[in-house]
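The values are calculated or read from the model by the stated rules, or taken from the named source; none is laboratory data. All values reported here derive from a predicted model rather than from experimental measurement. When we count neighbours, we look across all protein chains shown, and the Cβ atoms used for this are built from the backbone with ideal geometry, even at glycine.
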Amino acid sequence: MIFKNVENMAALLKKFSCFLLYGPNHEKISTSLEYISSVFPQHQRQYLDLSNIEQIDVLEQAISNNDIFALKKLFLISVPYPEKVIQKINKLNLKEIGETKIIFKATELKKNSKFRSLFEKSNSFACLPCYDNNQDEIRRTITQKLASENLEINENLLDFITIFFHQNKSNICNEIEKIIIFIKNGQRLNEKSFLKITNFNNHFDLESLIYAIVSGDLGKLDFLFEIKKGNNFPNITIINSLVNHLYKLIYFKEKYKLTGSKQVALKSIKPPIFFKYEAEFIDQSKFWSISHIEIILKKLFTAEKRLKTKANPDFMNFIFLSIAQSANRLKY
C-alpha cells in the first residue's frame, strides 16, 4: 500500500508489520524511519545490511523462532541491491511474523522493480517513496519543529525560509535546529541572519537565478538576490549567462520550427540543458517570442556597457527584476 507521506500512514502504522522506505531523499528516509520506530518503543532494534546475503538467514531465523515470550524486535534493514535479494525475501513469510516489525530502506527504485512492487501491491505492507520535499511539506516541518520548542516566526520569514529550503538541497532538520538555537540565544532572526547561520551562506546557484528570471518566478528572486549580494557575485557573469540562455531559447524555437520535434531541438542545444530544467526550459519557449527576447537582449547589452563604465552596480537587480516581471506578464 502506497502512502504519500509518513503522516498519512500514522493512523495505520500498528496495522502493518513491514515497511519499505525508498528514494533519493536520505533525510526524508531517516526522519520517516525514526517516526515509524518511535511508534514501537517496546521493540528491541536490530540492524541488518542485506549487501551481506547471509544476513537474510539471520532475519529468517528470527522470524521462524518468533514466540510470545521473546523480546519484540524491530528490524531496520538496509537493502542496497533489492533485485538481488527479492527471491529470498519472497520465501520469507512476512505476513505471518507476529509482533516482529521490519523496516526496509533502499535507494531509488524503478517502476518495474519487483521489490518495490511487492510492497506497493500488498495491503499488508506499507510503502513510502521518499523524493524531494514539496513546499507544503517543508513549511509543515518548519512550523512543527518550531512549535515543539514553543517558538514561531512571522509569515513572511516563514515563506522566505520555505522557498529557500525548496531551492537548496539541504538537511532541513539540521538547519532548523540551528534556527532554534539561534532564537533561544536571544538573537533576532530575519532574512539576513538566517542566511548567515545556514550551510548555504557561501553558496550561490547561478542556474537557479537565471531560470527564476526567465520564468518570471518573482517569489524566488528576493532570497536569490540576497544570496548574490552576500557572495558579492559579479553582475557581469549573470548578464553573460542570461544572454547565453536567451540565445538558447531562440535557437530552440527556430530548430523546433524546422524539425517539428521539441526533443530533437532540445538535444541539439550545446552545451545541453540540464535534465532537471528541461521541462521549465520548454515552458519558457512557449511564452517568450523571439521578438520579446530580442528586446531583452538589447536591454542587457545596454546594461553591460553601463557596468563597464563603473556605474553603480545596484541598478542591475532592477534590470533583472524587470525582465522577470516581463516574463510573468507574458506567461499569464
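Given the criterion within 23 Å of LYS276 (Cα to Cα), aromatic (Phe, Trp, Tyr) and over 15 Å from the mean Cα position of the chain (by Cα), identify the matching residue among PHE125, PHE160, PHE104.
PHE160
Which one of these does GLN61 not meet: (1) more than 23 Å from TYR131 (Cβ to Cβ); (2) surrounded by 17 or more Cβ atoms within 10 Å (Cβ to Cβ); (3) of a type in the set (S, T, N, Q)?
Just one mismatch for GLN61, condition (2).
Exactly one of (1) surrounded by 14 or more Cβ atoms within 10 Å (Cβ to Cβ); (2) within 24 Å of GLU7 (Cβ to Cβ); (3) at pLDDT 85 or above is unmet by ILE213. Its number?
(2)
When only residues in region 266-288 that are of a type in the set (Lys, Arg) and at pLDDT 85 or above count, which is nearest to ILE210 (Cα to Cα)?
Just the residues of region 266-288 that are of a type in the set (Lys, Arg), to begin with: 267, 270, 276, 286.
From the residues that got through so far, the ones that are at pLDDT 85 or above too are 267, 286.
Numbers: LYS267: 20, LYS286: 17 Å.
Among those that are of a type in the set (Lys, Arg) and at pLDDT 85 or above, it is LYS286.
Quick check on region 243-255. Is at least one of its residues touching a residue at least 12 places away in the same chain (Cβ under 8 Å), under 27 Å from the mean Cα position of the chain (by Cα) and exposed (fewer than 12 other Cβ atoms within 10 Å of the Cβ)?
Among the residues of region 243-255, not one is touching a residue at least 12 places away in the same chain (Cβ under 8 Å), under 27 Å from the mean Cα position of the chain (by Cα) and exposed (fewer than 12 other Cβ atoms within 10 Å of the Cβ), which makes the answer no.
Among what's in region 216-229 and is crowded, with 19+ Cβ neighbours inside 10 Å and among the aliphatic types (A, V, I, L, M), pick the residue that is nearest to LEU249 (Cα to Cα).
Applying the first criterion (crowded, with 19+ Cβ neighbours inside 10 Å) to region 216-229 yields 216-217, 220-221, 223-224, 227-228.
Remaining after also requiring among the aliphatic types (A, V, I, L, M): 221, 224, 227.
On the way: LEU221: 21, LEU224: 23, ILE227: 26 Å.
The qualifying residue nearest to LEU249 (Cα to Cα) is LEU221.
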